[in-house]
Amino acid sequence: MERNGRADKIKFMIGIFDSGIGGLTVVKEVLKTLPDYQILYLGDTARLPYGNRSQALIYKFTVQAVDYLFKQGCQLVIIACNTASSEALRKIQQEWLPKNYPDRRVLGVIRPVVEEAAKVSRFGRVGVIGTRGTISSESYIKELKNQKQDVIVSQAACPLLVPIVEEGMQNRRETKMILRNYLRPLKLKKVDTLIMGCTHYPILQKKIKSIMGKSCNVLDTSAIVAESLKDYLNRHTEIESKLVKGKEHRYIVTDSTDRFKENAQNWLGQKIKLEKIDLE
Ligand code: DGL
């Protein structure tokens with residue numbers, strides 16, 4: 001588009017990417033906080049989950065997704081997936097973007113959540129839960145230490161939680177037992193703030209809060225990301241001015257099944273049409 005010298009006149013969308021449809025928890029908050037902007041959502045449902053995959057593969061998939069969203073006319077892409085933000089964002093921002101799309105932007109979810117955690121943590125004891133990929137990358141630990149050197153971070157990988165949410169098992173008794181098991185070490189470390197570092201966890205927020213108790217802040221990561229996007233657009237008028245306003249949001253997936261559609265509608269709280277594309 002820029003090659004024709006018409007970039008100034010073309011209006012662009014906000015792209016939101018996730019490994020699946022869990023990122024709709026972020027879309028829901030973005031639509032509440034920034035209701036005027038047009039969203040293009042991409043969920044890589046064919047290759048979900050990313051959480052147990054290697055860094056190299058997560059990077060490859062994420063680049064394909066971001067490239068697709070840019071080609072569809074996004075100016076700014078939010079990587080809503082914590083695993084992709086942990087394993088691919090830095091390399092995309094530092095190497096791929098300057099070479100391929102120097103005037104576009106890619107933002108992740110880790111930085112805004114960490115900034116909030118550093119702000120609200122009373123005793124500097126922060127817990128992080130996420131997929132195996134997110135936890136083993138230590139991306140939250142690194143960012144938290146950048147914000148607050150003396151912070152004590154305790155992490156727990158919770159690989160069963162994504163399939164539990166995908167299967168709609170959030171209200172089952174077994175789920176509470178599994179959650180208690182995952183959260184016990186963090187409770188023993190007396191974390192005062194807990195980061196739910198995964199797109200799917202807001203669906204379990206009530207249960208997680210009740211297990212962690214009143215003395216622990218459980219951060220609603222989707223809402224924090226939406227607020228931080230609003231703040232970003234206020235500060236970057238050169239990007240904001242290029243964004244198209246409207247309500248014709250589109251929801252694209254790489255594999256479509258009735259279950260994806262049902263979950264997508266439940267998590268977003270409205271009826272939507274899922275369009276299917278091929279990223280390979
Ligand atoms: N979207 C992923 C995340 O936020 C969870 C699902 C997956 O493992 O791909 O980490």
Pair list, Cβ under 6 Å, 6 or more apart: the range 113-132 residue farther than 13 Å from residue 197 by Cα, other residue among the β-branched types (Val, Ile, Thr) and part of a loop (DSSP other than H, G, I, E, B): 124/151; 125/191
If I filter the range 74-84 for residues that are away from the ligand (no atom under 15 Å from the Cβ), surrounded by fewer than 22 Cβ atoms within 10 Å (Cβ to Cβ) and either basic (Lys, Arg) or not in a loop (DSSP other than H, G, I, E, B) (or both), do I get at least one hit? no
Are any residues in the range 49-66 touching a strand residue (DSSP E or B) at 6+ places or on another chain (Cβ under 7 Å) and away from the ligand (no atom under 14 Å from the Cβ), and if so, which ones? 66
In this structure, is residue 159 in contact with a strand residue (DSSP E or B) (Cβ under 9 Å, 6 or more places away or on another chain), touching a residue at least 12 places away in the same chain (Cβ under 8 Å) and surrounded by 12 or more Cβ atoms within 10 Å (Cβ to Cβ)? no
Hey, does the range 35-53 have a residue that's part of a helix (DSSP H, G or I) and surrounded by fewer than 22 Cβ atoms within 10 Å (Cβ to Cβ)? no
Tell me, please, whether a residue that is under 28 Å from residue 132 (Cα atoms), more than 14 Å from the chain's Cα centre (by Cα), among the basic types (Lys, Arg) and at pLDDT 95 or above can be found in the range 16-32. no
For the condition farther than 22 Å from residue 111 by Cα and either of a type in the set (A, V, I, L, M, F, W, C) or in contact with a Ser or Thr (Cβ under 9 Å, 6 or more places away or on another chain) (or both), what is the one hit in 196, 169? 169
Output yes when any residue across the range 218-235 is outside any strand (DSSP E or B), within 26 Å of residue 203 (Cβ to Cβ), among the aromatic types (Phe, Trp, Tyr) and modelled with pLDDT of 95 or more, and no when none is. yes
Subset of the range 103-138 [assigned to a loop (DSSP other than H, G, I, E, B) and among the hydrophobic types (A, V, I, L, M, F, W, C)]: 109, 123
Which members of the range 33-53 meet the condition of being under 15 Å from the mean Cα position of the chain (by Cα) and farther than 17 Å from residue 228 by Cα? 40, 41, 42, 43, 44, 45, 48, 49, 50, 51
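The values are calculated or read from the model by the stated rules, or taken from the named source; none is laboratory data. Bear in mind the structure is a predicted one, so any value in this text is a computation, not a measurement. Heads up, the Cβs are rebuilt from the backbone with ideal geometry, glycines too, and the neighbour counts pull from every protein chain shown.
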